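**Student:** Here it is, the structure, as C-alpha cells.
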Amino acid sequence: MKEKNTSWILLVVSGLMEIVWAYTMKLSHGFTVLWPSVITIAILIASFFLLAKAVNTLGIGLSYAVFTGIGVVGTTLISIFVLKEGASLLKMLSLGVLIIGILGLKLCDKEGEENGLKNVKFTVLTVICSCASIGLLSVATKTLPLGVSYAVWTGLGTLFNVLFGIIVFKESKSPKKLFFMAMVLLGVIGLRLA
C-alpha cells in the first residue's frame, strides 16, 4: 500500500512539473532564451523520470491518463490566467471533449500495454519521437497560445500512440476505443478552430 501511495504522489508531482516545463518552454521562445530553456529541459527530464517511477506500480494507461490530464488542465489555466491568452466557449468545450477522450482512451482497456515497456526498440523510438515533438511544440508555442498548442500536442500524441498500439501491437479496436479516438480528434479540431 505504501508503494502505491508513493507512486500516486510521484505521479501528481510529475503532472505538476509537466505544467511548469510547458510554461517555461513558452518563456524560452523556441529554446532561444538560455535560462528558461535550461529550466525547461531539467524539469522535463525530472517529470518524465517521476512518471516512469509511477508507471512501474500504477501501469502506463492510468499513469499517462492522469499525467496528461493534469498537464492539459494546468497549461490551459496558465494560458488563461497567467499568459492572458483568453478563453472562449468553443475552447472550453473542445478542451473538455479532448480531456474526456484522452482519459477514456487510456482507461478503456489495458490490453497490450506491457508490450511497449518491454520492447527496447519501441522505447528508443518513443524517446526520439518525444524529443522531436517537444521541439516542434516549442516552435508552436512561439505563435500559438500555450493552452491550445499543448492540448493539441497531447491529443495528437495520444491518438498516434493508440493507433501505433493497434497497428504494431495488434491491440483491440473496440467500439469504445474508436469512440474515444473520435472525441480526441474532435477536441483537437475544436481547439485549433477556437
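**Student:** Does A194 count as touching a Leu at 6+ places or on another chain (Cβ under 8 Å), of a type in the set (G, A, S) and open to solvent by 30 Å² or more (accessible area, probe 1.4 Å)?
**Tutor:** yes
**Student:** Residues that are free of Cβ contacts under 8 Å to residues at least 40 places away in the same chain and open to solvent by less than 60 Å² (accessible area, probe 1.4 Å), at least 1 per element: which helices (runs of 4 or more DSSP H) completely within segment 1-95 meet that?
**Tutor:** Per the criteria, 2-27, 34-58.
**Student:** Working only within segment 130-180, note down all residues that are open to solvent by less than 70 Å² (accessible area, probe 1.4 Å), free of Cβ contacts under 8 Å to residues at least 12 places away in the same chain and among the β-branched types (V, I, T).
**Tutor:** Correct list: I166 only.
So that you can scan it fast, the table gives a plain yes or no per residue for (1) of a type outside the set (G, A, S); (2) out of contact with any Asp or Glu (no Cβ under 7 Å at 6 or more places or on another chain):
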residue	(1), (2)
V13	yes, yes
I19	yes, yes
K26	yes, yes
L34	yes, yes
A52	no, yes
S63	no, yes
I70	yes, no
L77	yes, yes
I102	yes, yes
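**Student:** Condition check: at pLDDT below 85, among the charged types (D, E, K, R) and open to solvent by less than 60 Å² (accessible area, probe 1.4 Å). Does K121 satisfy that?
**Tutor:** For K121, the condition - at pLDDT below 85, among the charged types (D, E, K, R) and open to solvent by less than 60 Å² (accessible area, probe 1.4 Å) - is not met.
**Student:** Taking the stated definitions as given, is T143 at pLDDT 85 or above, touching a helix residue (DSSP H, G or I) at 6+ places or on another chain (Cβ under 6 Å) and of a type in the set (V, I, T)?
**Tutor:** Considered against the rule, which asks whether it is at pLDDT 85 or above, touching a helix residue (DSSP H, G or I) at 6+ places or on another chain (Cβ under 6 Å) and of a type in the set (V, I, T), T143 comes out as no.
The values are calculated or read from the model by the stated rules, or taken from the named source; none is laboratory data. Since this is a predicted model, take the numbers as computed values, not measurements. Heads up, the Cβs are rebuilt from the backbone with ideal geometry, glycines too, and the neighbour counts pull from every protein chain shown. All accessible areas refer to the heavy atoms of the entire protein, side chains included, with ligands and DNA or RNA removed. Shrake-Rupley method; radii C 1.70, N 1.55, O 1.52, S 1.80 Å.
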